[in-house]
Structures are given as structure tokens and as C-alpha cells.
Amino acid sequence: PKVFSAGADLKERRQMTQEEAAAFVTMLRSTFDAMEVLSVPVIAAVEGVALGGGLEIALTADIIVAGKNAKFGLPETGLAIIPGAGGTQRLPRRVGVARAKDLIYTGRKVDADTAYEYGLVQHVVDAGDAKKKALE
């Protein structure tokens, strides 16, 4: 797969009223909070991009396995949109405050090897093998 999740449709979000956007973000946040506290281990097998809300989904997992083709980032910050589903809280817990600030403030994307070096992911495997590794 080329995409784990590219996140929300930002064009659609721009057309929402302030109330609609707030309700949407609240729903996402509560869903991701529920995912984070599931009583079973959660492993995200990431192939392709995990951007914006896609990264926020992956951050709810206990373990992230990335294919070599994976890219991670919060590009919405480049559009003056703050990640609203918990990414700004979960990312620093994974990678530390300084690296999280860098990724959040710049909207920079990182590849799988850099994500591993940062502690964002726990395993990097050949592209196409993330699901297989997650099921081991």
C-alpha cells in the first residue's frame, strides 16, 4: 500500500463552520483516546504515508512497525492547522519534546529510518513486510 492514512480532507475541513470543525475534532480526539486505552495490545503496521491524522492514528498504537517506504509527519501545521486529535500530546511522549516541536513547527516529514532513530517506530522492515512483522 502507498498510504497508511493521509489524514483528514483539509479542503473539506476548510469549508466547515467553526462549530462543525470543533465537533469533528472532538469526535476524532475521543475516538483516538479510546483507541489508546484498548485493553489489548495495538500494533500499527505502516506502509506508505502516515500524515496528519494518519500519524495521530499510529501514535495511539502500543507498537509501530514501519515498512521502508513509510513517511511520517504533521503537514497540516504548514497550513496553520494544529493537529487536533492528540498528536501534539502523544508525539512528545514518543520522541521527546525537542524533536516533537521540530516536527510540529516545521511540518517536516521523516522516513522510516529517521522515525526509528527518533523512537517514533519500534521496527523498520522491507517495504510490504510491516503487516507480516506486526503479526509475528
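Structure above, values below:
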{"item": "Subset tally (residues that are open to solvent by less than 70 Å² (accessible area, probe 1.4 Å), of a type outside the set (Asp, Glu) and outside any helix (DSSP H, G or I)) for segment 77-122", "result": "12"}
{"item": "Test set (1) modelled with pLDDT of 95 or more; (2) open to solvent by 30 Å² or more (accessible area, probe 1.4 Å); (3) of a type outside the set (Val, Ile, Thr) - GLU136 fails condition number", "result": "(1)"}
{"item": "Residues of segment 80-99 classified as farther than 17 Å from ALA22 by Cα and touching a residue at least 24 places away in the same chain (Cβ under 8 Å), total", "result": "4"}
{"item": "Matching residues, segment 11-48, being of a type in the set (S, T, N, Q) and more than 30 Å from ASP129 (Cα to Cα)", "result": "GLN15, THR17, GLN18, THR26, SER30"}
{"item": "Hits in segment 113-132 (condition: within 15 Å of VAL95 (Cα to Cα) and out of contact with any helix residue (DSSP H, G or I) (no Cβ under 8 Å at 6 or more places or on another chain))", "result": "ASP113, THR114, ALA115, TYR116, GLU117"}
{"item": "Leading residue by the ranking (farthest from GLU136 (Cα to Cα)) among those in segment 26-50 that are among the β-branched types (Val, Ile, Thr) and at pLDDT 80 or above", "result": "THR26"}
{"item": "Selection count, segment 86-136, where residues are among the aromatic types (Phe, Trp, Tyr) and either touching a Gly at 6+ places or on another chain (Cβ under 9 Å) or under 19 Å from ALA6 (Cα atoms) (or both)", "result": "2"}
{"item": "Among residues of segment 67-76, those that are of a type outside the set (A, V, I, L, M, F, W, C), part of a strand (DSSP E or B) and modelled with pLDDT of 95 or more, counted", "result": "2"}
{"item": "Positions within segment 1-30 being of a type in the set (Val, Ile, Thr) and free of Cβ contacts under 8 Å to residues at least 40 places away in the same chain, in sequence order", "result": "THR17, THR26"}
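The values are calculated or read from the model by the stated rules, or taken from the named source; none is laboratory data. Everything quoted here is computed from the prediction, not taken from an experiment. So basically every Cβ, Gly included, is an ideal-geometry build from the backbone, and we count neighbours across all protein chains shown. For the accessible areas, the whole protein counts, side chains as well, though only heavy atoms, and no ligand, DNA or RNA atoms are used. Shrake-Rupley method; radii C 1.70, N 1.55, O 1.52, S 1.80 Å.
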